[in-house]
Structure formats: structure tokens, C-alpha cells
1. Determine the pairs where a residue that is under 23 Å from residue 141 (Cβ atoms), located within segment 84-104, has a partner that is among the basic types (Lys, Arg) and surrounded by 13 or more Cβ atoms within 10 Å (Cβ to Cβ) with Cβ atoms under 6 Å apart, the partner being 6 or more residues away or on another chain.
2. Would you please name the residue that is surrounded by the fewest Cβ atoms within 10 Å (Cβ to Cβ), looking only at residues in segment 116-146 that are among the basic types (Lys, Arg) and under 23 Å from residue 84 (Cβ atoms)?
3. Mind telling me which of the residues 81, 52, 20 ends up being of a type in the set (A, V, I, L, M, F, W, C), more than 24 Å from residue 133 (Cβ to Cβ) and touching a helix residue (DSSP H, G or I) at 6+ places or on another chain (Cβ under 6 Å)?
4. Within segment 8-23, identify whether any single residue is under 29 Å from residue 140 (Cα atoms), aliphatic (A, V, I, L, M) and part of a strand (DSSP E or B), and answer yes or no.
5. How do the strands (runs of 3 or more DSSP E) wholly within segment 64-106 filter down when requiring 1 or more residues that are within 19 Å of residue 120 (Cβ to Cβ) and at pLDDT 95 or above: which remain?
6. Which residue pairs have Cβ atoms closer than 7 Å, lie 6 or more positions apart in sequence or on different chains, and pair a first residue in segment 121-139 that is within 30 Å of residue 110 (Cβ to Cβ) with a second residue that is surrounded by 15 or more Cβ atoms within 10 Å (Cβ to Cβ) and of a type in the set (Asp, Glu)?
7. Among the residues of segment 17-36, are any surrounded by 12 or more Cβ atoms within 10 Å (Cβ to Cβ), in contact (Cβ under 8 Å) with a residue 12 or more places away in the chain, farther than 22 Å from residue 122 by Cβ and out of contact with any Phe, Trp or Tyr (no Cβ under 9 Å at 6 or more places or on another chain)?
Amino acid sequence: MEKLRGFEIAKGFENKGINLPERKTKFSAGYDIEAAEDITIPSFKKGMAPTLIKTGLKAYMQDDEVLFLYNRSSNPKKKGLILANSVGVVDKDYYGNPDNDGHIMFAFYNIKEEDIEIKKGECIGQGVFQKYLIVDNDTSSGMRMGGFGSTGN
């Protein structure tokens with residue numbers, strides 16, 4: 001079977017009991033993604049960096065596809081968790097990069113007054129694969145040289 005798009009376990013997480021994402025209903029667009037380990041997300045304080053939650057996953061896809069990472073709809077109200085970048089973008093060439101093998105992470109801020117505990121295996125967000133378009137005369141030829149946040153380098 002030809003591999004078109006999907007999820008795999010990232011290097012270093014092979015024996016950590018990581019579950020591959022699943023759609024929970026027939027008409028769900030998103031694949032539910034779980035935390036790879038227990039983590040505490042501290043209450044937000046001005047100037048602090050977002051907390052990166054490891055998933056232990058990487059994603060492969062076609063040349064004209066992207067994986068968007070979205071927050072769970074219940075996270076802001078129930079847990080006070082918001083994505084630092086609103087929507088995560090995982091490009092095709094992030095897969096297998098030499099820095100981190102394409103390991104997918106969610107960047108969260110906690111807007112509650114108390115720290116929030118996330119347990120391994122808890123659903124933290126969802127991934128949606130989509131096609132994208134490019135403009136006439138696009139001449140992009142650069143190659144990714146790193147991992148998380150490296151597109152513009």
C-alpha cells in the first residue's frame with residue numbers, strides 16, 4: 001500500500017506507549033492527538049514562554065498538503081489552555097528533519113490562575129490534513145535545515 005498521509009512514532013518515543021491519532025466519529029475532520037508524557041503547564045505570567053507539550057508523533061503527507069494543529073474546543077473553558085500560535089502548521093518537510101525527526105509539539109499558554117496538569121494519553125488537540133495552493137510564478141526552492149520553528153532560517 002502506498003503511503004499518502006498519516007502519523008508515525010517519532011524517534012525516541014518508540015517504546016513509550018504512544019497512541020497514533022484517531023478520528024472518533026465518521027464525520028470528524030480532526031485526528032485526536034494525545035500528550036506523550038505527564039506535564040504541568042504553569043499559570044501565565046507576563047513574559048513567559050509557552051509550554052511545549054510533546055506528542056511523540058511525526059506526520060507524513062503529500063507535496064501539496066499541510067497538517068494543521070488545533071486546540072480542543074473544550075480546552076480554553078475547562079483547562080484555560082490556549083495555543084500560543086492560534087493554529088500550528090506542520091509542513092511536509094518537517095517530517096524526519098535532522099534536528100528532531102519531525103516531532104510534533106503543541107505550544108500552550110495556561111490562562112487560569114492555577115497550574116494545569118496534563119497526563120500522558122490525555123487528548124490535547126487535533127490534527128487536520130489539508131491541501132494548499134501556491135501562487136503563479138512561485139519559485140520557492142529552499143530546503144528545511146532544522147526542526148521546530150526553522151522554516152525562516
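1. Listed by first residue and then by second, the contacts come to 93/144; 95/58; 97/144; 102/58.
2. Selected residue: 119.
3. Working: 52 fails: touching a helix residue (DSSP H, G or I) at 6+ places or on another chain (Cβ under 6 Å); 20 fails: touching a helix residue (DSSP H, G or I) at 6+ places or on another chain (Cβ under 6 Å).
That would be 81, the only listed residue that is of a type in the set (A, V, I, L, M, F, W, C), more than 24 Å from residue 133 (Cβ to Cβ) and touching a helix residue (DSSP H, G or I) at 6+ places or on another chain (Cβ under 6 Å).
4. no
5. Because the criterion is at least 1 residues that are within 19 Å of residue 120 (Cβ to Cβ) and at pLDDT 95 or above, the strands (runs of 3 or more DSSP E) in segment 64-106 that meet it are 65-71, 81-83.
6. From segment 121-139, the pairs are 121/34; 122/34; 123/32; 123/34; 124/34; 126/32; 129/65; 130/65.
7. No.
The values are calculated or read from the model by the stated rules, or taken from the named source; none is laboratory data. Since the model is a prediction, treat every value here as computed from it, not as a measurement. Virtual Cβ from ideal backbone geometry, glycine too; neighbours counted across all protein chains shown.
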